[in-house]
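Written out below as structure tokens is the structure these notes cover.
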Amino acid sequence: AFASGGIDAVQLRQVEDRAIAEVIGMQRDVGLKVITDGEFRRTYFHVDFLRQLGGVVSEEPRTTTRDDGSLELAPPVIKVMDKVRHVKNIQLADFVYLQQQTQALGSALVPKVTLPSPTMLHFRGGRAGISQQAYPQLEPEFYEDVAKAYGAELQSLADAGCRYVQMDDTNLAYLCDEKMREAARSRGDDPNELPYRYADFINRVV
């Protein structure tokens with residue numbers, strides 16, 4: 001309804017709030033102590049966060065054809081077009097709502113925020129997905145800028161009382177797949193070196 005203009009952003013958030021309150025209760029009822037909002041406010045687990053960083057842009061989703069002829073919606077391509085920076089608090093309002101809901105159900109529940117790994121800004125496009133003008137060399141400036149941007153986001157969450165953040169890194173698992181490894185090679189990366197580089201990248205963020 002939101003996509004077709006039937007409801008506005010305020011009405012959409014009200015629907016999300018109800019869905020999140022329901023899934024919080026479900027998690028509590030099955031005995032979980034660490035509670036998420038189910039990522040119900042996101043279309044893509046990574047794009048919706050990353051595109052809100054300064055310097056990062058994404059294309060619109062596109063339809064692709066699978067080998068069997070069926071259609072699927074491919075995630076938008078993420079590109080770094082300028083210096084990466086933290087221009088606003090991205091997850092803060094969502095965390096505050098989650099925190100309020102969990103506190104209402106009992107102090108033993110811990111609200112958890114999930115963020116896409118910073119490696120997503122490199123892995124999907126490689127060097128070609130990062131502006132040569134903004135970053136003639138990736139090391140150290142690109143990695144440091146991303147780490148500072150993530151650090152500011154983490155600080156805003158910590159200041160609000162968040163104590164549990166999970167960074168989802170699907171890329172490390174992708175590097176077990178030969179098709180993904182070959183794709184990395186075709187972009188000029190060594191799939192055996194990337195896990196070490198990415199581990200250092202994540203450590204800089206933390």
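The values are calculated or read from the model by the stated rules, or taken from the named source; none is laboratory data. Since the structure is predicted, the reported quantities are computational estimates derived from the model, not experimental observations. Please note: Cβ atoms are built from the backbone with ideal geometry, for glycine as well, and neighbour counts cover all protein chains shown. Remember, those area values only see protein heavy atoms, side chains included, never the ligands or the DNA or RNA. Shrake-Rupley method; radii C 1.70, N 1.55, O 1.52, S 1.80 Å.
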request  = Mind putting a number on the dipole of the range 1-85 about its Cα centre? Charges go on the C-beta only, +1 for Lys and Arg and -1 for Asp and Glu, and I need it in Debye to the nearest 20.
outcome  = 380
message = Checking the table K33/K88; K79/K179; K112/K148 against a 25 Å threshold on Cα-Cα, which pairs fail?
response = K33/K88
key: Assigned charges on the beta-carbon of Lys, Arg, Asp, Glu; the chain dipole about Cα centre (debye)   = 300
request  = Round to the nearest 10 and give me the degree value, 0 to 90, for the angle of helix 194-205's Cα axis relative to the longest principal axis of the chain.
outcome  = 50
message = Let me check against my output: what whole-number percent is the relative contact order of the chain, with C-alpha pairs under 8 Å and at least 6 apart?
response = 20
remark   = Net charge (Lys, Arg +1; Asp, Glu -1) of residues whose beta-carbon lies under 13 Å from that of V10, V10 excluded, is -2
note = Restricting to Cα pairs under 8 Å and 6 or more apart, the percent relative contact order of the range 79-171 works out to 51
Angle in degrees between helix 9-29 and the longest Cα principal axis of the chain, rounded to the nearest 10 = 80
message = So if I restrict to the alpha-carbon atoms in the range 134-206, what is the Rg, and what is Dmax, the biggest pairwise distance, in Å?
response = 14.7, 43
task = Give the span of the range 74-197's Cα atoms along each principal axis, as three whole-Å numbers ordered largest to smallest.
result = 51, 32, 28
The range 1-147, accessible area per residue, ligands and nucleic acids excluded (1.4 Å, Å²) = 53
key: Per-residue [θ]222 nm for the chain (sum of -39500 (n - 2.57) over DSSP H runs n ≥ 4, rounded to 500)   = -12500 deg cm²/dmol
remark   = One would report the antiparallel percent of DSSP beta bridges in the chain, rounded to the nearest 5, as 55
request  = Please state the charge dipole magnitude for the range 134-206, taken about the Cα centre, from unit charges on C-beta atoms (+1 on K and R, -1 on D and E), reported in debye and rounded to the nearest 20.
outcome  = 100
ask   = How far is helix 143-159 tilted off the main Cα axis of the chain, in degrees rounded to 10, range 0 to 90?
value = 10
message = Cross-link candidates for K83: which aspartates and glutamates have Cα within less than 14 Å, leaving aside residues fewer than 8 places away along the same chain?
response = E139, E141, E144, D145
query = Between the range 118-196 and the range 69-106, how many Å separate their Cα centres?
reply = 16
task = Would you mind computing Rg(Cα) / (2.2 N^0.38 Å) for the range 74-129, counting N as its residues?
result = 1.60
task = For every other residue with a beta carbon closer than 13 angstrom to the beta carbon of K33, add +1 if it is Lys or Arg and -1 if Asp or Glu, then tell me the sum.
result = +2
